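Student: Dropping the structure in here first, questions after.
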Amino acid sequence: MTSLEVELAAAASQRWWNRWTVYLVGAALVLGGFIGGIEMQKAYGSSTSPTASGPQGQRGGYGGFPGGGAVPSTAASRPTTGTVKLVDGTTIYVQTESGEVVTVRTNGETAVAVAAALKDLKAGDKVTVQGQTDSEGTVTATTVTGSK
């Protein structure tokens, strides 16, 4: 065997990759996935332009997916927590920690937890109210959670 044949035989038995090759391939895959995600967000992400159709600038149906009808927003403002000052029929007056008295309106669809019914809430009970707050600060409750 000539020296060239010996060198070729030695080179042929070596593997073509090493630890650094594996690291570089892994980094290339992660980078490619990241860039692909950016491009997908650009192409299919939610639009904030006022010309888009749907609620809050969403394209398509519910959640931006095509085909569904628009579902009205039921997102509530932050919960109101405080002490019941007065229960007057379907209206509760809640005093917050800051001393502000918040008017809470309830209806037949308002879920009341802990107390058996709205009428069971008494002055001094601690409550947390979830619901929509109007421009005057009155909360239309979707849930009232009370504790003694």
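The numbers here are math on the coordinates, done by the rules we state, and not lab data. The shown structure was predicted, so the numbers you read here are calculated from the model rather than taken from an experiment. Neighbour counts are summed over all protein chains in view; Cβ atoms, including those assigned to glycine, are modelled from backbone coordinates with ideal geometry.
Student: Take R15 and T143, extend 7 Å from each Cα along the Cα→Cβ direction, and tell me the distance between the two endpoints in nm.
Tutor: 5.5
Student: Assigning unit charges at the beta carbon (Lys, Arg +1; Asp, Glu -1) and nothing else, what dipole magnitude in debye, to the nearest 20, does segment 80-147 show about its Cα centre? Mind showing how you got there, number by number?
Tutor: Working: 5 positive and 8 negative charges, 42 e Å.
Dipole magnitude for segment 80-147 comes out near 200 debye.
Student: Hey, another quick one. Just to be sure I understand the model, the point goes 7 Å from the Cα along the line to the Cβ. What's the resulting L86 to I35 distance in nm?
Tutor: 6.8
Student: Classify segment 80-147: rounded, prolate or oblate, from the alpha-carbon gyration tensor (a ≥ b ≥ c, eigenvalue square roots; a/c under 1.5 rounded; otherwise prolate if a/b is larger than b/c)?
Tutor: Details: a/c = 1.59, a/b = 1.11, b/c = 1.43.
Cα axes put segment 80-147 in the oblate bin.
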